[in-house]
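What follows is a single structure, written as structure tokens, with notes after it.
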Amino acid sequence: MNVPHLTPRELQVLHLLCDIACWLEKEMPDLLGMTLSTFKSHKENLFRKFKVHNRQELLVQAVRLGLVPCYCQAGQERIAADAAAR
């Protein structure tokens, strides 16, 4: 998969959705200074652009594409193995 074109705000939302320290989505719009409706629109756009259905799938794709860091050792090993297989 190629990296989809993301707006600056979509990239901010992506980073927040993929931050393992931020699990309460209802607080995320306030952190970015936007309404819940705007946040949900950005989230839906990200799911569509990455062709995913949930945050976990979004995180996996974002890590694989190098858009967000992977802090999990097993995840880093899997990404390295996938890259070596290509």
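The values are calculated or read from the model by the stated rules, or taken from the named source; none is laboratory data. Since the model is a prediction, treat every value here as computed from it, not as a measurement. A quick note on method: Cβ atoms are made from the backbone with ideal geometry, for glycine too, and the neighbour counts reach across all protein chains shown.
Scanning the range 36-64 for residues that are within 19 Å of L24 (Cβ to Cβ) and of a type in the set (D, E) yields one hit, E44. Sub-6 Å Cβ pairs linking a first residue in the range 23-50 that is farther than 24 Å from L65 by Cβ to a second residue that is in a helix (DSSP H, G or I) and among the aromatic types (F, W, Y), at least 6 apart or interchain, are P29/F39, ordered by first then second residue.
Working only within the range 21-65, note down all residues that are closer than 21 Å to P4 by Cα and of a type in the set (A, V, I, L, M). So that I can check it myself, show each step before the final result.
Here is the first cut: in the range 21-65, the ones closer than 21 Å to P4 by Cα are 38-65.
Within the range 21-65, L46, V52, L58, L59, V60, A62, V63, L65 qualify.
Just give me the residues in the range 67-77 being closer than 17 Å to V3 by Cβ and at pLDDT below 90, in sequence order.
Within the range 67-77, the subset closer than 17 Å to V3 by Cβ is 67-70.
Selection gives V68, P69, C70.
Considering the range 5-21 alone, what residues qualify as being farther than 16 Å from E57 by Cα and either at pLDDT below 90 or not in a helix (DSSP H, G or I) (or both)? Correct list: H5, L6, T7, A21.
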